[in-house]
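> Below is the structure I would like to discuss, written out as C-alpha cells.
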Amino acid sequence: MIQGQGLRDKGKVQNSYPLSLVPFPLGGWFVKLPELKIGNKTAKIPIVQGGMAIRLSTARLAAAVANEGGIGLIAASGMAHDELRYEIKLARSLTDGIIGINIMVAASDFAGIVHTAMDAGIDLIVAGAGFSRDIFGLGRASGTPIVPIVSSVKLAKISQKLGAAAVVVEGKEAGGHLGTDISVRELIEPIRAAVTIPLIAAGGVLTGKDIVDVLKMGANGVQMGSRFAASLESNGAPSLKEYYLKSKPEDVVVINSPVGLPGRAVRTPFSKRVMEGNVPPKTCDSCLKACKHNFCIVRALTRAQQGDLETGLVFTGEYMPRIEEILPAKEIIRRLVTEAEEFYQP
Ligand SMILES: Cc1cc2nc3c(=O)[nH]c(=O)nc-3n(C[C@H](O)[C@H](O)[C@H](O)COP(=O)(O)O)c2cc1C
C-alpha cells in the first residue's frame with residue numbers, strides 16, 4: 001500500500017486542522033495515534049517497550065524508546081540494587097522521556113527492588129509473573145503509578161479496585177512467563193468492558209497494523225517485547241540476536257519455569273534438556289519466593305543474554321520468527337508509527 005493512501009483525502013480541512021490530523025507530504029491526511037496516559041505521565045505514542053530480563057532491556061534500550069515518545073522499561077529482575085540505581089541514572093542521562101521498571105512478583109527481593117526504584121524516582125512500575133496486592137499501597141505512598149500484568153477479567157478488576165494506574169493485558173502470544181493460553185485479541189474486549197483504567201495490550205504485536213487492530217478492540221496502547229529484544233539497543237549478545245533472526249515457528253517451545261508458570265522460549269540444547277527432565281542447579285541464591293528447582297532460571301537466562309546458546313534459555317514471543325532485521329529502536333518506532341497512522345481511524 002502507498003503510504004497515506006488509506007486516509008488520503010480524508011476530511012476537507014483547509015486552513016486549520018484538529019490536533020489529531022497531520023498533513024501528509026503528498027497531500028493527504030494522517031490521523032495521529034493517540035497518546036497514552038498513565039497516572040500523571042503522558043507518552044506521545046502508545047507504545048511501551050516490555051521489560052525483558054535478564055538484562056535484555058537495560059537503560060540504553062529503555063532510553064531509546066523513551067526518546068521516541070514511548071515508554072521504556074528497565075528489567076529489574078535479577079539485578080542488585082546498586083546495578084538498578086545505576087541503570088535508572090544512566091537512562092535518565094540519556095533521555096527526558098518516560099522510564100519505568102519491570103519486576104517479577106515471584107522474585108524474593110520484589111519489595112526491595114520496588115523500594116529502590118521508587119527511591120530513585122522511577123516514573124512507573126510494571127509487575128509481572130505473579131500478582132502482588134502490597135505493591136499498590138507502596139505506589140500510593142510514593143506517588144508511583146503501578147501497572148500490573150494481568151491475563152483475566154478477575155485480576156484486571158481487582159487491579160483497578162486496588163488503585164492500578166493501568167493494566168497490561170498479556171495474551172498467550174507473549175514472550176517470557178505466560179499467565180494464560182488465551183490470545184490477547186480475545187482478552188481485550190471483556191477486560192475493556194470490565195475496567196475503565198488504561199488497557200495496554202501485550203503479546204503478538206509486531207506491526208503498525210497490529211497496533212491499530214488492538215486499539216480498535218479497546219486497548220489504549222501496546223506493550224511490545226520480541227520486536228525490541230531483536231533491536232540494536234537490546235542488551236543481548238550479537239549471537240543471541242542472530243539466533244532470534246534464524247528462529248522458525250517450529251523452534252518456538254513452551255517450557256516449565258521454576259517460577260511455577262509456563263515460559264515461551266526458542267529451542268536450544270538447554271531448553272530440550274529442561275523439556276525432557278530436570279536440570280537441577282548446583283548452587284542456589286534463593287532468588288525466587290517459591291522455586292521449583294527444576295533449573296536455575298536466572299543463570300539460564302543470563303547465559304543466553306551473554307550469547308551461550310548451548311546452555312542458555314532464550315525467552316521469546318510466539319511471533320519472533322517473523323522478525324527479519326535487527327534495527328535501532330528509533331527506526332522500529334518510525335516504521336510502526338508510519339504504518340499505524342496509515343490505518344488508524346479513531
Ligand atoms: C526475551 C524476553 C524476555 C522477557 N522478560 C520479561 C520479564 O522479565 N518480565 C515481564 O514481565 N515480561 C517479560 N517479557 C514479556 C514482555 O515484556 C512483553 O510483555 C511480551 O514479550 C509481549 O509480547 P511480544 O513479545 O509478542 O511483543 C519478556 C519477553 C521476551 C521476548
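No value in this document is a laboratory result; all are computed from the given coordinates. Because the structure is a prediction, the values reported are computed rather than measured. Because the Cβ atoms are built from the backbone with ideal geometry, glycine has one as well, and the counts that use them run over all protein chains shown.
> So which lysines pass the test for residue 161, namely a Cα distance under 22 Å, with those fewer than 8 places away in the same chain ruled out?
Those lysines meeting the cut-off are 37, 41.
> Could I ask something else about it? Given points 7 Å out from each Cα along the Cα-Cβ axis, report the residue 285 to residue 310 separation in nanometres with one decimal.
Distance between the two pseudo-spin positions: 2.3 nm.
> Remind me, relative contact order of the chain in percent, using alpha carbon pairs under 8 angstrom and six or more residues apart?
18
> Would you mind calculating the gained length between residue 85 and residue 322 on full extension (0.36 nm times residue separation, minus the Cα-Cα distance), in nm to one decimal?
81.8 nm
> A follow-up question, please. Helix 153-162 versus the longest principal axis of the chain: what is the Cα-based angle in degrees, 0 to 90, to the nearest 10?
Here the helix axis deviates by roughly 90 degrees.
> Whose amide H sits under 5 Å from the amide H of residue 48, counting only residues 5 or more places off or on another chain, with H placed in the peptide plane?
Amide H neighbours of residue 48: 71, 222, 223, 224.
> Each residue of region 121-128 in turn: what ³J(HN,Hα) in whole Hz from Karplus with 6.51, -1.76, 1.60 and θ = phi - 60°, glycine and Pro shown as x?
x, 5, 6, 6, 10, 9, 10, x
> Further question: With the cut-off at 1.5 for a/c, could you classify region 238-322 from its C-alpha gyration tensor as rounded, prolate or oblate?
prolate
> Would you please state which residues of region 84-109 a label at residue 142 would reach in this model, taking the label point 7 Å out along Cα→Cβ and a backbone N cut-off of under 18 Å?
84-93, 98-109
> Related question: Take peptides 61-70, 255-264, 274-283 and line them up by average Cβ neighbours within 10 Å, highest first, as a rough protection proxy.
61-70, 255-264, 274-283
> Past 18 Å, Cα to Cα, is the threshold; run 44/330; 32/209; 209/248; 154/216 against it and keep the listed order.
Too far apart for the 18 Å limit: 209/248; 154/216.
> For the residues 155, 336, what sequence is obtained by ranking on other C-beta atoms within 10 Å, fewest first?
155, 336
> Another question, then. Let's test the formula: R0 of 25 Å, r as the Cβ-Cβ distance of residue 96 and residue 119. What FRET efficiency results, to the nearest 0.05?
Efficiency computed from Cβ-Cβ geometry: 0.80.
> To make sure I understand the rule: partners must be aspartates and glutamates, Cα under 16 Å from the Cα of residue 292, and not fewer than 8 residues away in the same chain. Which ones qualify?
Candidates past the 8-residue exclusion: 276.
> When a/c reaches 1.5 or more, the comparison of a/b and b/c decides; with that in mind, is region 181-334 rounded, prolate or oblate per its Cα gyration tensor?
Cα axes put region 181-334 in the oblate bin.
> Turning to a different aspect of this structure: Determine ³J(HN,Hα), in whole Hz, for all residues of region 102-112 in sequence, where each value follows from phi through the Karplus function 6.51 cos²θ - 1.76 cosθ + 1.60 and θ = phi - 60°; x replaces Gly and Pro.
Those phi angles translate into 10, 9, 7, 4, 5, 6, 4, 8, 3, 5, x Hz.
> Follow-up. For region 83-231, what does the relative contact order come out to in percent, with C-alpha contacts under 8 Å and a separation of six or more?
Relative contact order for region 83-231 comes out at 15 percent.
> In what sequence do 196, 58 fall when counting other Cβ within 10 Å, fewest first?
Fewest-to-most Cβ neighbours within 10 Å comes out as 196, 58.
> Most exposed first by the Cβ proxy, i.e. fewest other Cβ within 10 Å, how do 108, 57 rank?
Final ranking by Cβ density, sparse to dense: 108, 57.
> In whole Å, what is the distance between the alpha-carbon centres of region 300-345 and region 135-197?
Cα centroid to Cα centroid, the span is 23 Å.
> Measuring from label point to label point, each 7 Å out along Cα→Cβ, what is the residue 275 to residue 108 span in nm?
Spacing of the two 7 Å Cα→Cβ label points: 3.1 nm.
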